[in-house]
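J.: Below is a structure I'd like to ask you about.
What follows draws every value from the coordinates through simple rules; no lab data is involved. Bear in mind that the values here come from a model prediction, so they are computed numbers and not experimental data. Cβ coordinates were reconstructed from backbone atoms using ideal geometry, including for glycine residues, and neighbour counts include every protein chain displayed.
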Amino acid sequence: MRIGLTLPTMMPDLDRATLLEWARRIDTGPFTTLAAGERLTFPGTEIMVSMAAAAAVTTRVELMLTVVVLPLHSEAIVAKQLATLDVLSGGRVTVGVGVGGRTEDFDAAGAPSTGRLRRMERQVAQCRRIWCGEPAVPGTTPIGPAPAHEIPVLIGALGHDSIRRAARWADGLCGFSFGPDGAEVSAAFDVARSAWREAGRPAPRLVTSAWISIAPDGRARMDAYAERYLGIFGERAARGLARLCTTTSAQALRDAVRRMADAGADDFLLVPTTSDPDEVHRLADVVGA
């Protein structure tokens with residue numbers, strides 16, 4: 001099982017020096033993947049710009065976007081951004097796509113929030129056509145550049161119905177679990193394996209992630225992060241969900257890694273709840289061991 005680390009792009013105190021330091025440390029550590037996620041109406045940095053900055057100071061790790069809320073965007077622009085990132089990173093890009101769950105993001109972007117799943121599926125197909133050199137509109141100039149490699153597209157989904165539906169077009173699954181919960185993750189992976197097999201597709205790449213906090217004050221950091229991130233659901237719900245996040249010590253991380261490996265994950269992405277770059281070293285010491 002490969003282990004990756006997400007940039008702290010959801011932290012309100014993130015600045016240039018901190019982001020670049022995280023990227024450099026991830027690239028030189030035992031991690032296989034550097035990741036970042038997207039939210040619009042939230043005080044975090046924008047996903048494409050953040051990953052471009054990380055690409056400029058890294059040479060080894062895979063760059064995984066987890067996830068781009070594709071229906072918020074023009075697929076032609078996203079296709080060009082991802083292809084450019086892939087070229088400038090030397091072919092290291094993987095993208096997860098999802099429909100999002102926050103209506104306020106769509107309102108802010110001026111994008112329709114209805115019919116998101118079908119629209120996203122059409123958008124993925126269009127991105128792939130653009131990457132193959134087909135014009136976005138017949139009779140017009142194709143959009144470039146060509147990616148440095150065939151960009152894998154994962155589905156960012158938790159519901160089993162959505163996972164099954166994605167077997168027709170996605171290269172794998174990019175999930176999340178608060179605990180992380182081994183039974184929950186294993187069940188989602190079983191659904192994916194079965195759906196991809198029934199669709200006659202190659203076995204899916206199985207990726208999951210969880211919030212991690214192993215600083216000495218890890219529990220307090222986890223609670224503060226989760227309650228801020230989940231505040232849109234109300235204070236009481238946010239606090240309840242925060243208590244599901246149990247990876248707040250080195251031993252808890254070792255246990256979580258073991259559970260995700262037992263669940264059959266190809267990749268386990270650690271999502272930090274602090275912007276302190278020393279967390280990279282703390283996590284690397286556990287992962288490397």
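J.: Considering amide H positions built from the backbone, and no H for Pro or chain starts, which residues 5 or more places from ARG205, or on another chain, come under 5 Å of its amide H?
T.: GLY172, LEU173
J.: Before rounding to the nearest 500, sum -39500 (n - 2.57) across all DSSP H runs of length at least 4 in the chain and divide by the residue total; then give [θ] at 222 nm in deg cm²/dmol.
T.: Details: 11 runs with 130 residues, N = 289.
So the helix-based figure for the chain works out to -14000 deg cm²/dmol.
J.: For each of ILE212, ILE47, count neighbouring Cβ atoms within 10 Å of the residue's Cβ, then give the residues from fewest to most.
T.: ILE47, ILE212
J.: Would you please state which residues of segment 191-221 a label at ASP278 would reach in this model, taking the label point 7 Å out along Cα→Cβ and a backbone N cut-off of under 16 Å?
T.: 213-221
J.: Mind sorting SER113, SER177, SER213 by how few other Cβ atoms lie within 10 Å of their own Cβ, fewest first?
T.: Values: SER113 16, SER177 23, SER213 28.
Fewest-to-most Cβ neighbours within 10 Å comes out as SER113, SER177, SER213.
J.: Just to check I understand the Karplus step: with θ = phi - 60° and J = 6.51 cos²θ - 1.76 cosθ + 1.60, what whole-Hz values come out for segment 233-243, glycine and proline as x?
T.: The phi angles translate into 8, x, 4, 5, 5, 4, 5, x, 5, 4, 5 Hz.
J.: I need the shape label for segment 138-177. Rule: rounded when a/c is under 1.5, else prolate if a/b > b/c, else oblate, with a, b, c from the alpha carbon gyration tensor.
T.: Numbers: a/c = 3.58, a/b = 2.20, b/c = 1.63.
The shape class here is prolate.
J.: Whose amide H sits under 5 Å from the amide H of VAL68, counting only residues 5 or more places off or on another chain, with H placed in the peptide plane?
T.: Hits under the 5 Å cutoff: GLY96, VAL97, GLY98.
J.: Separate question: Angle, helix 182-198 long axis vs. longest principal axis of the chain, Cα atoms, 0 to 90°, nearest 10?
T.: 20
J.: Is the C-alpha gyration tensor of segment 131-289 telling us rounded, prolate or oblate? Criteria: a/c under 1.5 is rounded; beyond that, a/b larger than b/c is prolate, otherwise oblate.
T.: On the way: a/c = 1.91, a/b = 1.67, b/c = 1.15.
It is prolate, given that a/c is not under 1.5 and a/b is the larger ratio.
J.: Using only Cα atoms, tell me the angle between helix 250-263 and the longest principal axis of the chain; keep it within 0 to 90° and round to the nearest 10.
T.: The answer is roughly 40 degrees.
J.: Let me ask something else. Compare the Cα positions of GLY101, LEU82, VAL49 along the charge dipole of segment 25-132 (+1 at Cβ of Lys, Arg; -1 at Cβ of Asp, Glu; about the Cα centre) and return the one farthest towards the positive end.
T.: The residue sitting most towards the positive pole is LEU82.
J.: Next up: Have a look at GLY29, GLY179, ALA252 and report the one farthest towards the positive end of the charge dipole of the chain, computed about the Cα centre with Cβ charges (Lys/Arg +1, Asp/Glu -1).
T.: So the residue furthest toward the plus end is GLY179.
J.: Taking 0.36 nm per residue of sequence separation and subtracting the Cα-Cα distance, how much length would be gained by fully extending the chain between LEU158 and ALA146, in nm to one decimal?
T.: Working: separation 12, 0.36 × 12 = 4.32 nm, distance 3.13 nm.
Stretched fully, the LEU158-ALA146 segment lengthens by 1.2 nm.
J.: How far is helix 75-89 tilted off the main Cα axis of the chain, in degrees rounded to 10, range 0 to 90?
T.: Helix 75-89 sits roughly 60 degrees off the main axis of the chain.
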